[in-house]
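Read the figures in this text as sums done on the coordinates, not as results from a lab. Keep in mind the model is a prediction, meaning the values are calculated, not measured. A quick note on method: Cβ atoms are made from the backbone with ideal geometry, for glycine too, and the neighbour counts reach across all protein chains shown.
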Amino acid sequence: MRLRYGLSIAIWFLMTALAGAQTTQPPADPQTAAPQLSNSQPTKPEQQSAVAAAASASKQARDSAPPIKVIRNHDLNNGNNSGAVANSELKTSDAVQSVAQAKETQEDERKTRQFESQGKIFQNQIKVEKGKIIGIQNHIIRLKNQFAAWSAQFSQDSDAPACWTSTYYTPYYKSWCDTGRNLKAQYDAAQAQLVQEKVHLEEMQENIRRKGYGNAVYDPD
């Protein structure tokens, strides 16, 4: 009985000693364990340098890159609308310009037709005035010839100059001096009218020339 009790005590002390030895054992040195890990998986220095350079380049690229704009549906819609609006405005501007050019062309054509029409009117007026002058000149020639014939008829009469004196009013001279006096009065009036019409013609021609017409208008044949 004592032997069994003593054996139990001995076993208890032995177990207690083993438990204390495990508890007081120092932890393993991490520096000692690290070489074992590095020995199992070695890393080359150049690989570490390449990895670090790639990481640095990637970081720099991210830092220098512009911010990424997120495109939403309304952005796309706005872009499409702006393009449509721009095209619409461009077409409207072209249409307005075309209408303006058409109006300008029509206005130029209207002014050209009006200018030509007025030119024909001026041309006819000049022709009428020239015809009037020619008629006066012809009338003067006829009066001159008639007066010459009358003068020749009475050239042998020494009393013929009396038709332009106070003697004309006597019964004897008045009866035959009327023809000569009338011819002479008509001749003088025609000469004065001819001078007036020539001045009027020159004024008309100058006015037409200043309006931009050529000699085919202000001096037609």
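Report the gain in length on full extension from GLU206 to GLN186: 0.36 nm times residue separation, minus Cα-Cα distance, nm rounded to one decimal. If you can, show how the numbers build up before the last one.
On the way: separation 20, 0.36 × 20 = 7.20 nm, distance 3.04 nm.
The span from GLU206 to GLN186 would gain 4.2 nm if fully extended.
At 0.36 nm per residue, minus the direct Cα-Cα distance, what do VAL96 and ASP219 gain on full extension? Give it in nm, one decimal, please.
Working: separation 123, 0.36 × 123 = 44.28 nm, distance 4.44 nm.
Value of the extension gain: 39.8 nm.
Highest-first packing order for the peptide set 124-133, 93-102 is 124-133, 93-102, based on the mean count of other beta carbon atoms within 10 Å.
I need HIS200, HIS139 ordered by Cβ neighbour count within 10 Å, fewest first. The partial results should precede the final answer.
On the way: HIS200 13, HIS139 16.
Least to most surrounded, the residues fall as HIS200, HIS139.
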